[in-house]
Amino acid sequence: MSEERPDANPLEDAAADLSADLEGERVDVTESNIGSVRGGRVSMENSATRSVHAQALNMTDSAAGFVRTKSLEMREAGIGCAASQEATIHSGGIGMLAAGQIKAEEIKTGLLFAGQVEGNVKTVLSPLTALALGAGFGAALLLLRKLFRRNRTGHS
């Protein structure tokens, strides 16, 4: 019989086992259209998916809606929203990208949050311009609200 520690949490052991399984599992997706992919090392070629959760993701001529990974590498691919510790983008587009480190040959993104960026990155909105745009939108709503309130009280 094994000796059990009184302060041990059985969920920690289960989580560690699941984590070890995820890191080692390799998933190859070729010329497919699937709902979601989950694995340790995921490779996508000529495919599309709604979401990917992986330790490492390599995408070629593929598309994904949402990606969460530690390491992302993509060529001629598109992603709606991605979160990654490291991203190497040879060419492609990402709507919103949050990454610790980005190396890019050519990337087009709508909104970018990054710690370190190397390479050719074209963004539509930086965090500062997004903040300014949001502030402007908020001010316009307040102004419209004030105008409509004034019209209601004037015609009553």
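To keep it simple, each residue is scored yes or no on (1) outside any helix (DSSP H, G or I); (2) modelled with pLDDT of 90 or more.
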site	(1), (2)
Met1	yes, no
Arg5	yes, no
Leu11	no, no
Ala14	no, no
Ser19	no, no
Leu22	no, no
Ile34	yes, no
Val42	yes, yes
Hey, among Glu105, Glu31, which residue is in contact with a His (Cβ under 8 Å, 6 or more places away or on another chain) and surrounded by fewer than 16 Cβ atoms within 10 Å (Cβ to Cβ)? Glu105
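The values are calculated or read from the model by the stated rules, or taken from the named source; none is laboratory data. On a predicted model such as this, the values are computed, not experimentally measured, just so you know. So basically every Cβ, Gly included, is an ideal-geometry build from the backbone, and we count neighbours across all protein chains shown.
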